[in-house]
Amino acid sequence: MRAPEVRGLGLLTGGPTPGEGASVLTLERPDRPGDRFRRATRECLLALAAVDAMLEDGKATREAIAGERTALLYVTAAAYGASNRQFIERRGGVVHFAYTAPAVVPAEVAIEFGVTGPYGILIGGAPATLRAIEQAARLLETGTCDRALVLVVEIFEECADLYTTRRRYHRWPLVETAGCLWLEPGAGDLSFQSSRVVRGSSRAGGGERFAAAPVADLGEWLGRSANGPLELSGRWRGEEARLRWSRVRSHAGDSAA
Amino acid sequence: MTTPERVAIVAAGVVTPIGQDLEAFWSALVTGASGISQIERLEVADLRVQRGGEIKKIGRIKNWRGVPDCRATRLLIAAADDLCAQAAFRPLPLDPTRVAVVVGTALGGVEEGEKALGGDRGRRRLRDALYDAPAWELARWLGARGPVVTVSTACASGATALAVGADLLRSGEADAVVAGGYDALCRFVLRGFNALRSLSRDAVRPFDRRRGGLLLGEAGALGLLMRERDVTGARLGTLRGYGSASDGFHIAAPEPEGRGLERAIRAALADARLTPGDVDFVSAHGTATPLNDRIETAALKRALGPRAYEVPVNSIKGSLGHTMGAAAALEAFMCLLSAQRGLIPPTLNLEEADPECDLDYVPGRARPARPRIMLSTSMGFGGCNGALILEGA
């Protein structure tokens, strides 16, 4: 499959902190009178901030991603644990209910930035993000869209205890992250593989990674102005996925293989 | 432009409020049976509307040993049990690492979260509360060791799951995919829709002038997808195309002109290499909310042109309520059964025409017809629009 090229990447991360809690990202909720169904949750705010950061990285304006030729793929493992908890515990009212599905996070991005093209929402950890990048590459290769955004948001502060039962599988602390990747048709090759780790093998336990991990890895790789092919990998619930990318970014000319 | 690999829907399995296998579901649809009743499993006394499409007892499986006490998971596995019975798919007849699971849901295991936060802090409750937990339980039950994917595009989830399943086959990642959708009624979703005042105290009346909203239902619906060239025996039909588009308009309301749905329909037809003139039947999202049905009608007219007036359009939500993540998959299977059986199920409770909904909505009783190419549409919270193009066997 033809590899997409990275046109921009926005990444916000809480950064690791000691202990078992979640490293929290905070953002002010903008005051938007008369628009009560918008930006109700922290997940949504962080998604918007990640897209803004991506546009800044790509030195582009909002108009560059608006319209029906932009696809939007959202990935999350934590999904809507935080907002759902608020609604269940009656800390959120009617407004909150409209925000109780993962679909509202990309919806906020679509509304705010005028993105009206194909979309998809995958629930899962790092392998789901790698699969979303592969899906984006396919949409670009078939001409279904001109650009694709891969959005990830993982927040934990409100629901860290959901993960305590799976603690041995995850790397702690839980680091909140929001990221958005802007992909356009590129020139290299991309390959995706996934497999299940055999139960009982030494590799089966531990090391599971949330959806934001591959985007963070890519951000770190780009930050080092690394050259050559890139391999991103991640594991979730025993599925291990790998994405091999021969040429990641060419528009800036700094990371071409 | 190359023609995409054709993907067959070999068989389907369902558990619904009107029948707990595909045959019972179909019989109930064509005879106009209703699955709407007083909700009994949950405390609903504080809610404005206390009815829905509730499955009173999941009767298919007698022994739930090894399956979590999670309603969502059990709906999924009951549907899988029906599927496996029809397709002789358990134990798996092929390499388990080549069998994938792709399911769509709007709620995942959220009811388990409700229980956990309500004081039942069992380890399992919290684990099952994650959105992707039921899909992994299904894979475990099937013995499938290929990719396991959960999608959550609100009420379009079932359509997205079928499309992603087809992609896994086309890319060669799997040789067989169990794909579909599910969602269970729970306090969480009933409280939410109750607060939004979207639920009807009357019957669910899609496209009727008096329509006053939806009622929620619960279901599981799964299909067995394979590359058509790999199928040697009978099949239900073919998944020809898929399209999606975002409204980019409002979190809880559809875009007033239905432009997002129109784009999704056009994309699905393009994916299938077909034109509006090829469409013989439309399974509408048809929730019976005043906005949805009017907007959906307008979108169908623009996307299909004059053909919109020439083909039957139905909604089965009057029969079983809005089954959320399962809805689009159920509607897709209904389309394929219509082609196979030569009968289009009626739009239940449609009695008074609405001037703004002026297509042929199959009121009253099932209609003899044998459609070949069918369009199934879905619209979800957050402006998620999906469209499937199906072909009868």
Considering the stretch B:147-161 alone, what residues qualify as being among the hydroxyl-bearing types (Ser, Thr, Tyr) and at the interface with another protein chain (Cβ under 7 Å from one of its Cβ atoms)?
-> B:Thr150, B:Ser152, B:Thr153, B:Thr160
Subset of the stretch B:163-184 [of a type outside the set (A, V, I, L, M, F, W, C), assigned to a helix (DSSP H, G or I) and more than 11 Å from chain A (Cβ to nearest Cβ)] = B:Gly165
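Scan B:Gly180, B:Gly158, B:Gly143 and give me the residue that is farther than 22 Å from A:Phe97 by Cα, surrounded by 24 or more Cβ atoms within 10 Å (Cβ to Cβ) and at pLDDT 95 or above.
From the options B:Gly180, B:Gly158, B:Gly143, the qualifying one is B:Gly180.
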Within the stretch A:183-200, is there a residue that is modelled with pLDDT of 90 or more, under 13 Å from A:Ile133 (Cβ atoms) and among the aromatic types (Phe, Trp, Tyr)?
-> yes
Answer yes if at least one residue in the stretch B:108-120 is closer than 18 Å to A:Ala79 by Cα, in contact (Cβ under 8 Å) with a residue 24 or more places away in the chain and touching a strand residue (DSSP E or B) at 6+ places or on another chain (Cβ under 6 Å), and no otherwise.
-> no
Could you please give the count of residues in the stretch B:1-55 that are assigned to a loop (DSSP other than H, G, I, E, B) and touching a residue at least 60 places away in the same chain (Cβ under 8 Å)?
-> 24
Would a scan of the stretch B:81-102 turn up a residue that is surrounded by 24 or more Cβ atoms within 10 Å (Cβ to Cβ), more than 13 Å from chain A (Cβ to nearest Cβ), within 15 Å of B:Ala221 (Cα to Cα) and touching a Phe, Trp or Tyr at 6+ places or on another chain (Cβ under 7 Å)?
-> yes
Whichever residue in the stretch A:116-130 is at the interface with chain B (Cβ under 7 Å from one of its Cβ atoms) and of a type outside the set (A, V, I, L, M, F, W, C) and, among such residues, is surrounded by the fewest Cβ atoms within 10 Å (Cβ to Cβ) | A:Thr116
Residue check for B:Leu269: in contact (Cβ under 8 Å) with a residue 60 or more places away in the chain, more than 10 Å from chain A (Cβ to nearest Cβ), hydrophobic (A, V, I, L, M, F, W, C) and out of contact with any strand residue (DSSP E or B) (no Cβ under 6 Å at 6 or more places or on another chain) = yes
Any residue in the stretch B:366-381 that is part of a helix (DSSP H, G or I) and either surrounded by fewer than 16 Cβ atoms within 10 Å (Cβ to Cβ) or among the aromatic types (Phe, Trp, Tyr) (or both)?
-> no
Any hit, the stretch B:118-128, residues being within 23 Å of the chain's Cα centre (by Cα) and either modelled with pLDDT of 90 or more or within 28 Å of B:Thr153 (Cα to Cα) (or both) = yes
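Condition check ((1) within 11 Å of another protein chain (Cβ to nearest Cβ); (2) touching a strand residue (DSSP E or B) at 6+ places or on another chain (Cβ under 8 Å)) across all residues:
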site: A:Arg62; (1), (2): no, no
site: A:Tyr80; (1), (2): yes, no
site: A:Gly114; (1), (2): yes, yes
site: A:Glu141; (1), (2): no, yes
Can you tell which of B:Arg240, B:Arg210, B:Arg201 is touching an Asp or Glu at 6+ places or on another chain (Cβ under 8 Å), more than 11 Å from chain A (Cβ to nearest Cβ), over 25 Å from A:Gln135 (Cα atoms) and outside any helix (DSSP H, G or I)?
-> B:Arg210
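The values are calculated or read from the model by the stated rules, or taken from the named source; none is laboratory data. Predicted, not measured: the structure shown is a model, and the values here were computed from it. Cβ coordinates were reconstructed from backbone atoms using ideal geometry, including for glycine residues, and neighbour counts include every protein chain displayed.
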